[in-house]
Every structure is written in structure tokens, then in C-alpha cells.
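The values are calculated or read from the model by the stated rules, or taken from the named source; none is laboratory data. Note that the coordinates shown come from a computational prediction; the quantities given were computed from them, not determined experimentally. FYI the Cβ positions are ideal-geometry reconstructions off the backbone, even for glycines, and counts take in every protein chain you see. Remember, those area values only see protein heavy atoms, side chains included, never the ligands or the DNA or RNA. Shrake-Rupley method; radii C 1.70, N 1.55, O 1.52, S 1.80 Å.
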Amino acid sequence: MLSLEEKNNILSEAFSQQGYVIVPKAISSFVVDNIVNKVDKRIQRYSKELGYRTEKYLSAVSRWGSPSCITEGVMEEAQEDIEKVVSQVLRNKVLLKKWNIICKNAYCFDEIPYHQDISYSPKTPYQITAWLALHDIDENAGPLEVCPGTHKRPIKPAVDFWSLTYKKAKIKGYKLLVQKGDIILFDSRLWHGSSKNYALVDRYALVSRWSSINFKFSQPIPEIQPYAFGMWTCGKETEKLLLKGARIILKKDSRDFIGLLDLWRQAVETGNLPFKIDRKEVKEKIIRLRILHLACLKHNGGDAVGTVYKELWYSFLSHLERYMEEGEK
């Protein structure tokens, strides 16, 4: 039988070579179930406070950072055990950098394209991600996928899969099938993503980022390069376009984004617009964006899969922009 030291050496070597390891049953089912129950109850409570059904809320919001009323006190339940596992693999004391809860379910089930985590944190780099499964995840439930060894390659610019020009990378990885309580540890430079949740079941994960004490990142990390409409710009671009359109077409104004969305929802409902759209679809997309914006402000919530702004663009914003451009010629 291998000693604990020998087991840790094997894990550490495997992590160094392939860029990831799976540590089974690192967190007890009792702790995991308690975390899930807390998160579920809070989602139900705070979605209701916003005035929406939980299902509608979860169609727009798929991640919650810290601090947040959704995640408050959650990390503390598992932090000591997660820290122990990360420390064993890195063979050093470690520091927690940040963490969040991400989810896929019957209401938000899209894939997350392949990317390197480190590319999104050029100014605050970290060394390793600990991905704690909060549910059993089989091949149909949108499992994490990894490309072993890619952590040894140069770091590429951040992948903006929210952008309108994004093209899916031709990468094929391994699906990591895990059970609740398992932890997937992967290098922040490793190319990874996740497939669609075809099973439409709850698939939650607690994702934390760590670094060894005194760790210094030696590789160059490319600066983030925002697209005209993408992950770092779509909020401002959407607001600017809606505000301009409201002044020109609706002859109205708004001092805040929520008020602006409400103006357009009312206009879409009445159908008094000078261009054709699918009114039912656009109303739905505006409501989803309204929920996402409120969740961002009040719950530190976000869109992990990057569909909310993009879907509004294709169903409505592109038509609005085209109409105004033609009017200015």
C-alpha cells in the first residue's frame, strides 16, 4: 500500500505532466449537499425578490462570484479540505485568490468554449483551479473537458466567445466524468471547456483559484483585446444603441439601464416599431437581459456561457442598428 507521501508525489507528478488531476471524494457528500441546498434556497429567495420565477432567473444567470448573497458562507464549508488538496498537489502552502459558483441546468445548458483561464487575469495571475463537483456529472450532463499537456504551450489571448465574430476552435479534449465531492485540479494555462448539458439536469460546481505562497508568474500573458461587441464591451454598446434608438424612434429617454430596457419592452409589446422583428422572441430576450443586469448589481451574478447579450443582438439590436444607419444616409 502506498504511503500518503507517495500518493501525493504521484498526484503532483501527474499534474505537472498533463496539467490536471482528479482527486475523488475530496469533499464529503454531507458538505456538498449542504452547499447545494444553501445555494438552491438562496436562488429561489433572491429570484423571487427580483420578481421572477426561479426558472426564468436561471435562464439568464449561470454564475455567482464572491462576495454575493447567493454564495455567502459557502466556501467556508469546504475551504479547508480544498486547500489541503491543492497544497498536496503543489507541494507548498497555498493562498486562495478568488472563487465562484457556476451552473448548468434545464434552463441554461449551453457549452463553454475552450479557453485558458489565465488569459482573463493578466494583472492578477494565479496558478491552479480547483473545480469541485456539486453533482454527479456523466457524459451527457456537460462535463468539464480538458486537453492534457496544453499548459506547456504559450499563453494565448483571452478567447472572447461572447463576440459576434467568435468561431469555435477546433479542439478535441477529454470529458472528465466525476461524482459529487470529486475535485478536478487543473493548471490555469490548460486549455479546457465544457459541452452542452444534454441531460438537462442540475450540474453545479464550486470553482476556486489558488497560488502557492510567493508564487510569481514567469510567462508573458497577452493583454486583453476587446472586440467591438463582446465580453468586455457588449454592455456599454447595448446601452448606447438602445439609448440612441429610444431618443430617435421612441422620442423618450432614460437615466438608467433598467428603465431603458423597460421602455423597449413596452415598445416591443405594442408593436409600434418601424422595422420588423419577432416580438415574442425579442420581449423574451429583453427580459433575460433585465434579469442578468439586476443579478449582476444585486447578486454578483453573471452569464457563464455568454449567450444573453449575443441573442439580443441577433434578434433585435442588429435590426435597430441597421434601421438607424439607413436613416442617417
For a 31 Å ceiling on Cα separation, which of these pairs sit above it: Lys56/Lys167; Lys240/Lys298; Lys167/Lys251; Lys251/Lys280; Lys48/Lys104? Lys167/Lys251
Chymotrypsin sites (Phe, Trp or Tyr not before Pro) lying in DSSP loop within segment 136-230, provided at most 15 other Cβ fall within 10 Å: Tyr198
Among Ser211, Ser318, Ser87, which one shows the highest mean-square fluctuation when the chain is modelled as a Gaussian network with alpha-carbon springs under 10 Å? Ser318
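How large is Rg over Rh for the chain, taking Rg from the Cα atoms and Rh as the Kirkwood inverse mean of 1/r across Cα pairs?
1.01
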Approximate spin-label separation Arg91-Glu111, in nm, with each point projected 7 Å along Cα-to-Cβ: 3.7 nm
Loop sites in segment 222-311: GluC sites (Glu not before Pro), DSSP, at most 16 other Cβ within 10 Å: Glu223
Take the alpha carbon atoms of segment 44-63, find their center, do the same for segment 132-183, and report the distance between the two centers in whole angstrom. 26 Å
Using a cut-off of 20 Å between alpha-carbon atoms, which lysines can reach Lys216, once sequence neighbours fewer than 8 places away in the same chain are excluded? Lys93, Lys97, Lys98, Lys123, Lys152, Lys156
Gyration tensor (alpha-carbon) shape descriptor, segment 72-223, a/c threshold 1.5: oblate
For the chain, what is the charge dipole size about the Cα centre, in debye to the nearest 20, if Lys and Arg each add +1 at the Cβ and Asp and Glu each add -1 at the Cβ? 780 debye
Rounded accessible area per residue of the chain, 1.4 Å, Å²: 50 Å²
Return one number: the angle in degrees, 0 to 90 and rounded to the nearest 10, between the long axis of the Cα atoms of helix 29-50 and the longest principal axis of the Cα atoms of the chain. 10 degrees
Among Asp136, Asp253, Asp110, which one shows the biggest mean-square fluctuation in a GNM of the chain, springs joining Cα atoms closer than 10 Å? Asp253
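Can you list which of the GluC sites (Glu not before Pro) found in segment 31-89 are DSSP loop residues with at most 10 other C-beta atoms within 10 Å?
none
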Most fluctuating residue of Thr270, Thr238, Thr307 in a GNM of the chain with Cα springs under 10 Å: which is it? Thr270
Portion, in percent, of the accessible area of segment 140-219 that falls on carbon or sulfur, probe 1.4 Å: 52 percent
Of the heavy-atom accessible surface of segment 52-105 (probe 1.4 angstrom), what whole percent is carbon and sulfur? 45 percent
